[in-house]
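Shown next, in structure tokens, is the structure this report addresses.
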Ligand SMILES: N[C@@H](CCC(=O)N[C@@H](CS)C(=O)NCC(=O)O)C(=O)O
């Protein structure tokens with residue numbers, strides 16, 4: 001049995017992390033049987049981050065753990081004999097990797113900052129991530145977690161820029177994705193590929209979170225992005241938000 005471990009719902013999203021949603025999209029796309037497990041403290045994850053995949057084999061009575069969404073993709077591709085990358089040329093995979101880096105190592109961090117660094121938005125992070133802690137611990141633990149996040153954002157380099165420049169970078173990333181997918185395409189062209197799971201997951205998290213951040217105003221400048229995120233989620237049948 002395959003178990004995907006993700007965060008509990010937050011910010012109005014049933015799957016709050018773009019990395020977790022990306023892995024879930026891949027599992028569903030491949031038609032694999034899997035179950036979801038919730039972990040609210042990523043420090044308990046094998047690499048201190050979510051998602052991770054656990055594969056339990058009753059035959060050999062053993063478990064294998066794959067932590068990191070890209071390693072999960074590699075594992076699932078092998079398991080499905082090329083179900084994720086098999087149809088793609090080396091050139092297409094190269095392009096997909098470049099989009100992945102833009103989404104996960106750049107735009108993702110701007111999204112994180114728009115939630116964690118912004119004074120007006122942070123109370124939602126505190127409530128949804130730390131609200132279950134007893135009494136003052138909600139405030140104490142969230143204060144230190146936020147401090148660490150701000151430090152990470154600074155070390156990344158993006159946090160050293162003015163908010164105006166961060167917005168410029170975000171706009172450039174979002175425009176690039178919008179120009180690439182166009183009116184009815186996908187990140188690598190006409191067809192859906194596993195690389196759409198990365199870009200669309202990030203966009204869905206921004207577009208469907210319960211209260212808008214400053215990043216939503218910029219994302220709304222590119223209306224094709226919402227259509228694109230919907231197209232990918234609909235095609236696979238997995239959504240960031242709760243579908244009733
Ligand atoms: N490279 C990892 C990144 C995963 C990641 O950053 N997950 C975030 C949630 S979106 C996390 O677990 N953060 C917790 C932390 O850093 O303490 C992947 O692709 O899975």
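Which is within 10 Å of the ligand (Cβ to nearest atom), over 14 Å from residue 198 (Cα atoms) and within 15 Å of the chain's Cα centre (by Cα), of 51, 18, 42, 9?
Details: 51 fails: over 14 Å from residue 198 (Cα atoms); 18 fails: over 14 Å from residue 198 (Cα atoms); 9 fails: within 10 Å of the ligand (Cβ to nearest atom).
Unique residue meeting the criteria: 42.
Every residue, every condition in (1) surrounded by 13 or more Cβ atoms within 10 Å (Cβ to Cβ); (2) within 13 Å of the ligand (Cβ to nearest atom); (3) over 29 Å from residue 194 (Cβ atoms), yes or no:
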site: 93; (1), (2), (3): yes, no, no
site: 99; (1), (2), (3): yes, no, no
site: 114; (1), (2), (3): yes, no, no
site: 121; (1), (2), (3): yes, no, yes
site: 129; (1), (2), (3): yes, yes, no
site: 139; (1), (2), (3): no, no, yes
site: 145; (1), (2), (3): yes, yes, yes
site: 148; (1), (2), (3): no, yes, yes
site: 158; (1), (2), (3): yes, no, no
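Restricting attention to segment 72-79, does a residue exist that is within 23 Å of residue 31 (Cβ to Cβ), within 15 Å of the chain's Cα centre (by Cα) and in the same structural domain as residue 33 (by TED's automatic domain parsing)?
As a first pass, look at segment 72-79 and keep what is within 23 Å of residue 31 (Cβ to Cβ): 72-79.
Still in the list and also within 15 Å of the chain's Cα centre (by Cα): 72-73.
Of the ones still in play, those that are also in the same structural domain as residue 33 (by TED's automatic domain parsing) are 72-73.
For segment 72-79, residues within 23 Å of residue 31 (Cβ to Cβ), within 15 Å of the chain's Cα centre (by Cα) and in the same structural domain as residue 33 (by TED's automatic domain parsing): present.
Scanning segment 166-179 for residues that are touching a residue at least 24 places away in the same chain (Cβ under 8 Å) and more than 19 Å from the chain's Cα centre (by Cα) gives 166, 167. Of the residues making up segment 21-39, those that are within 18 Å of residue 70 (Cβ to Cβ) and within 11 Å of the ligand (Cβ to nearest atom) are 21, 22, 23.
For segment 47-67, state whether one or more residues are in contact with a strand residue (DSSP E or B) (Cβ under 9 Å, 6 or more places away or on another chain), in the same structural domain as residue 219 (by TED's automatic domain parsing), over 19 Å from residue 8 (Cβ atoms) and surrounded by 14 or more Cβ atoms within 10 Å (Cβ to Cβ). Checked against the condition, which is being in contact with a strand residue (DSSP E or B) (Cβ under 9 Å, 6 or more places away or on another chain), in the same structural domain as residue 219 (by TED's automatic domain parsing), over 19 Å from residue 8 (Cβ atoms) and surrounded by 14 or more Cβ atoms within 10 Å (Cβ to Cβ), segment 47-67 yields no hits at all.
The values are calculated or read from the model by the stated rules, or taken from the named source; none is laboratory data. Values in this document were obtained by computation on a predicted structure and should not be read as measured data. All Cβ positions, even for glycine, are placed from backbone atoms using ideal geometry, and neighbour counts span all protein chains on display.
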